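Data first, discussion second: the structure below is written as structure tokens.
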Amino acid sequence: MRRAQRSRQETLALRRQLIGSSCKLFFSDDPVKIVKAKGQYMYDEKGRQYLDCINNVAHVGHCHPDIVKAAHEQNQLLNTNSRYLHDNVVDYAERLSKTLPEKLCTFYFLNSGSEANDLALRMARQYTKHEDVIVLDHAYHGHLTSLIDISPYKFRNLEGQKEWVHVAPVPDTYRGIYREDHEDSVTAYANEVRNIIDQAHKRGRKIAAFFVESLPSVGGQIIPPAGYFQKVAEHVHKAGGIFIADEIQVGFGRVGKHFWAFQLQGEDFVPDIVTMGKPIGNGHPIACVATTKEIAEAFAATGVEYFNTFGGNPVSCAVGLAVLDVIEKEHLQAHATEVGNFLMNLLNQQKIKHPIIGDVRGTGLFIGVDLIKDQAERTPATAAAEYLITRLKEEYILLSTDGPGRNVLKFKPPMCFSMEDAKFVVDAIDNILTDMEKQCLSQ
Ligand SMILES: Cc1ncc(COP(=O)(O)O)c(C=O)c1O
């Protein structure tokens, strides 16, 4: 039976009454009520269509019929925990292994990105027998207690940094400490990590892991320079630690050229653990940890069973398989390159026209537009960015910001995003920025 539809105002009032106030809404002053979605479009209670430029969870498109069908068919047959033999979990692990370097051949299935990262952290500690973790500044790795501790984006607003956590500068060549004019930013940023390790050792601390998003997204849609991971991994391995690549936002072909974002660093780079979430299930809660035989064996050596009631259940794995099928069948990786390049070109044309656009960076359908107040200091144009996304919402375009200055427009749309969509959103940005410039002049 379908429940009666409440008005937007009624839903909002009930939400304010019943749901914890720390659970924030997009556009909190005037939130959107979405009742259905298809492909790259979302629809509100009045049937108005919004273009979704940010939902990287609905990876192959909202409510993709193949994914809905796979879940429905498996739900009709069986859903249970992973303590019974079932083909879906092994079929899925086998398919995933084909996308990864050979060394990453052991899989654990879970229900959310946070669970995956928490398991990766436990494994790193168990394998290395060390405790400490190095993370990048502004990083976010999940909402569990263990992950808030390694997420500067969160812990800086709480009780602060734990003694076992070390924060390295973001390898951001636009606004970081070593920029595009530095003669060797790769080595310079990697040496920062080496120095952190040296300092930690002086205090008797030992490094378990370098924990990093392959492309820092919350940090501001950053593309680390190629070769940085290799150099960091060298320092971290020398210290007895391991390299964990968080692909929870950026994996599954989003970057176009490669299936995994860490592969942008070069063929010679392989992390010790890869964590996956969000796009993996196109909205269905699945997550995964992929690691090496050695790490898996060290984790098992405690004799403590790893049991996760829902992780790897037949329905989740059927969905995971269907997502991989659609990526392949619809050539979404190549599509991400084609549409991403087109969108980057359009945005770069806007950069010439509008001085507020300081930088356009990205790969595939992972793109950031850094808005600045001035060219010399590159001061984040925070208020202008917020104004722009609010105006875009009025044009039925859903976009948002990232980065510590909340000034980087982030594009992470469903992978079916089209050239027409790209043109539509960039035209809207152009019109709004032109308007803003006129207003400035008239003041
Ligand atoms: C990079 C990264 N890692 C981990 C997580 C946590 O994933 P989840 O919210 O599914 O627990 C997130 C969520 O935003 C994320 O962006």
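The values are calculated or read from the model by the stated rules, or taken from the named source; none is laboratory data. None of these values were measured; they are calculated from a predicted model. Every residue, glycine as well, gets a Cβ built from its backbone with ideal geometry; the counts of neighbours run over all protein chains shown. Calculation scope for accessible area: heavy atoms of the full protein, side chains included, ligands and nucleic acids excluded. Shrake-Rupley method; radii C 1.70, N 1.55, O 1.52, S 1.80 Å.
In the range 366-401, which residues are in a strand (DSSP E or B) and not acidic (D, E)?
F366, I367, G368, V369, L371, I372, P380, I397, L398, S400, T401
I need a count of the residues in the range 59-94 that are closer than 25 Å to L365 by Cβ and among the basic types (K, R).
Residues flagged as closer than 25 Å to L365 by Cβ and among the basic types (K, R) within the range 59-94 amount to 1.
Would you please name the residue that is nearest to the ligand (Cβ to nearest atom), looking only at residues in the range 130-163 that are in contact (Cβ under 8 Å) with a residue 60 or more places away in the chain and hydrophobic (A, V, I, L, M, F, W, C)?
Filtering first and then ranking leaves A139.
Just one of (1) farther than 27 Å from Q263 by Cα; (2) of a type in the set (D, E); (3) within 16 Å of the ligand (Cβ to nearest atom) trips up D118, so point out which.
The one condition D118 does not meet is (1).
Within the range 192-230, how many residues turn out to be open to solvent by less than 40 Å² (accessible area, probe 1.4 Å) and over 12 Å from I134 (Cβ atoms)?
16
Among the residues that make up the range 168-190, is at least one of them more than 17 Å from the chain's Cα centre (by Cα) and closer than 30 Å to N313 by Cβ?
No: the range 168-190 contains no residue that is more than 17 Å from the chain's Cα centre (by Cα) and closer than 30 Å to N313 by Cβ.
Filter the range 273-291 down to residues that are in contact with a Ser or Thr (Cβ under 7 Å, 6 or more places away or on another chain) and over 18 Å from V255 (Cβ atoms) and give me whichever is most open to solvent (accessible area, probe 1.4 Å).
So the residue we want is P285.
With the requirement that a residue be outside any helix (DSSP H, G or I) and either closer than 17 Å to L409 by Cα or touching a residue at least 24 places away in the same chain (Cβ under 8 Å) (or both), what does the range 316-355 give you?
Selection gives E330, H354, P355.
Kindly check whether there is at least one residue in the range 411-423 that is more than 23 Å from A334 (Cα to Cα), at pLDDT 95 or above and crowded, with 21+ Cβ neighbours inside 10 Å.
Looking for residues that are more than 23 Å from A334 (Cα to Cα), at pLDDT 95 or above and crowded, with 21+ Cβ neighbours inside 10 Å, one finds none in the range 411-423, hence no.
(1) assigned to a helix (DSSP H, G or I); (2) modelled with pLDDT of 95 or more; (3) surrounded by fewer than 19 Cβ atoms within 10 Å (Cβ to Cβ): which one isn't true of R406, the others all being true?
It is condition (1) that R406 fails.
Does R179 qualify as being touching a residue at least 60 places away in the same chain (Cβ under 8 Å) and open to solvent by 20 Å² or more (accessible area, probe 1.4 Å)?
So R179 does not fit the description; no.
Considering only residues of the range 17-42 that are surrounded by fewer than 10 Cβ atoms within 10 Å (Cβ to Cβ) and of a type in the set (S, T, N, Q), which is nearest to F424 (Cα to Cα)?
S28
Do you know which residues across the range 102-115 are more than 16 Å from the ligand (Cβ to nearest atom), under 10 Å from A290 (Cβ atoms) and open to solvent by 30 Å² or more (accessible area, probe 1.4 Å)?
Residues satisfying the conditions are K103, C105, F107.
Residue check: is I280 hydrophobic (A, V, I, L, M, F, W, C) and closer than 26 Å to H72 by Cβ?
yes
So T187 fits all but one of (1) surrounded by 22 or more Cβ atoms within 10 Å (Cβ to Cβ); (2) among the polar types (S, T, N, Q); (3) out of contact with any strand residue (DSSP E or B) (no Cβ under 7 Å at 6 or more places or on another chain); what number is the exception?
Of (1) surrounded by 22 or more Cβ atoms within 10 Å (Cβ to Cβ); (2) among the polar types (S, T, N, Q); (3) out of contact with any strand residue (DSSP E or B) (no Cβ under 7 Å at 6 or more places or on another chain), only one is false for T187: (1).
Scan the range 270-285 and report the pairs whose first residue is among the charged types (D, E, K, R) and whose second residue is more than 10 Å from the ligand (Cβ to nearest atom) and assigned to a loop (DSSP other than H, G, I, E, B), with Cβ atoms within less than 7 Å and a gap of 6+ or a chain change.
D272/T292
Scan the range 80-97 and tell me whether some residue there is small (G, A, S) and modelled with pLDDT under 95.
yes
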